[in-house]
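The values are calculated or read from the model by the stated rules, or taken from the named source; none is laboratory data. All figures in this text were calculated on a predicted structure; none of them were measured in a lab. Cβ placement follows ideal geometry from the backbone for every residue including glycine, while neighbour counts extend to all protein chains displayed. Only protein heavy atoms, including side chains, enter the accessible area calculation; ligands, DNA and RNA are left aside. Shrake-Rupley method; radii C 1.70, N 1.55, O 1.52, S 1.80 Å.
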Amino acid sequence: MTTGTALTTADLRVLAEAGGLAPSLHNSQPWRFRPTPDLLGLEVHADLNRAVPAADPDGRALHISLGAAVFNLRVAAAHLGREAVVQLLPNGAEAQPRAVLDLSAPARSAQPFGADLYPAIAGRHSSRHPFTNRDVPEAIVADLITAARDEGVTLTVLEEHGVRRVLDLTAEAEARIAADVTREAETRRWLRLEPSFDGIPLAALGEHDRDARVPMRGFTGHPPRHTTPAERFEALPQLATLTTHSDGQAEWLRTGQAMERVWLLATVHGLRASVLHQAVEIPDTRWRLRDTAEGPANVQLVLRLGYGPPGAASPRRRVEDVLDQVYG
Ligand SMILES: Cc1cc2nc3c(=O)[nH]c(=O)nc-3n(C[C@H](O)[C@H](O)[C@H](O)COP(=O)(O)O)c2cc1C
């Protein structure tokens, strides 16, 4: 990175704001963005103080969250008229950036890839509300499959038997997670850091309600008391898995980029989405999620898609807290 136009402070703010709006496990936002010394690129670092070790001991969800931030940075770069060349895990080592974006080149076209997704970055929210029973049209499903495939990840929209299997495994995992005091305490800690959840001030909720609203962990067809009654949820949720052939940090970063690309595109199409992560968090339920007849073996994420009310914006860290100082 030696030639090109240096990123201005305003550019860096646009980038960091977009990166910071990515979805993350428990809204942990485990990222830091550091301009390269020549100001022609941006490094994405993991903020390990914001890891979620009980739920995510291997850092799989952390890397998916970082990957989602990387995709938002690519879109924001296109919005700024720059070409983003991404290198994942440039040095492989733990303390190194998980990704580096070379932003030195101007975009090659007037409509660079991703620029049209930029407004969806701020418009995308997890929607944990009941959806209608309207099917996602095949043409949109095909677009979402292509979007994931372009990131090296397989998106599979599940048939009824697959949906029922995933919901059963999610219910089983949820019960096991609820019985694990370490994980419960960890989830509560993250929830306390959020001043509100889905627009509802936590202080206004009773303790039980507060638990029941933990990132829709109750959405399994058997929601706990005080959540929206099961019959108000769609009769058969439309679920999709994101799967990869291998399983390691690079695939997790790719999955995060695919998830965000699919989610932003879905948002542009007027779809809502949320994540059902419970079954992926426990090794044996994750193993049983595999359906090798449908796609690659490693299930990285389960997405619920459909039409319904938008979710509310969740709080985010300030740009100053995620963007490292520019020196020189
Ligand atoms: C790896 C990962 C796992 C997640 N797991 C869940 C989950 O199990 N249930 C849920 O409702 N949301 C889940 N989410 C969504 C986050 O809670 C959500 O992105 C975060 O609270 C920020 O809100 P937003 O998506 O509306 O911006 C997950 C997100 C990621 C990236």
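So, counting K/R as plus one and D/E as minus one, what does the shell of residues with Cβ under 11 Å around Ala297 add up to?
-1
Note down the nm distance, to one decimal, between modelled labels 7 Å out along Cα→Cβ at Asn91 and at Thr5.
3.1
Relative to 2.2 N^0.38 Å, what does the C-alpha radius of gyration of the range 41-126 come to as a ratio? Two decimals please.
Compactness ratio reported: 1.20.
Taking every alpha carbon pair in the chain, what does the distance histogram look like in 10 angstrom bins from 0, in percent?
6, 27, 36, 23, 8, 1
For the range 87-175, which semi-axes, largest first and in whole Å, follow from the square roots of 5 times the eigenvalues of its Cα gyration tensor? Don't skip to the answer; put the middle values down first.
Details: eigenvalues 211, 97, 41 Å².
They are 32, 22, 14 Å, listed from largest to smallest.
Once fully extended, how much extra length lies between Gln111 and Ala312, figured as 0.36 nm per residue of separation less the alpha-carbon to alpha-carbon distance?
That pair, Gln111 and Ala312, stretches by 69.4 nm at full extension.
Give me the one-decimal nm value for the distance between modelled label points at Asn49 and Arg188, 7 Å along each residue's Cα-to-Cβ direction.
So the label points at Asn49 and Arg188 sit 2.4 nm apart.
Based on alpha-carbon centroids, what's the gap between the range 276-328 and the range 54-115 in Å, whole number please?
16
Positive end of the charge dipole of the chain (Lys, Arg +1 and Asp, Glu -1 on Cβ, about the Cα centre): tell me which of Leu66, Leu305, Leu21 has its Cα farthest that way.
Going by the charge dipole, the pick is Leu21.
Specify the residue with the greatest mean-square fluctuation among Trp190, Trp31, Trp252, computed from a Gaussian network of the chain linking alpha-carbon atoms under 10 Å apart.
Result: Trp190 has the largest fluctuation of those listed.
What accessible area, in Å² to the nearest ten, does a 1.4 Å probe give for Asp58?
Per-residue accessible area (Asp58): approximately 120 Å².
For Ala266, what charge total do you get from the other residues with a beta carbon under 13 Å from its beta carbon, if Lys and Arg give +1 and Asp and Glu give -1? Working shown, then result.
Numbers: positive: Arg124, Arg261, Arg272, Arg304; negative: Asp143, Glu260.
Summing Lys and Arg as +1 and Asp and Glu as -1 gives +2.
Measure off, as a whole percent, the carbon and sulfur share of the 1.4 Å-probe accessible area of the range 9-121, all protein chains present. Mind showing how you got there, number by number?
Details: 2210 of 4280 Å².
Carbon and sulfur together cover 52 percent of it.
Rounded to the nearest 10 degrees, what's the angle between the helix 138-150 long axis and the longest principal axis of the chain, both from Cα atoms, 0 to 90?
Computed tilt is about 50 degrees.
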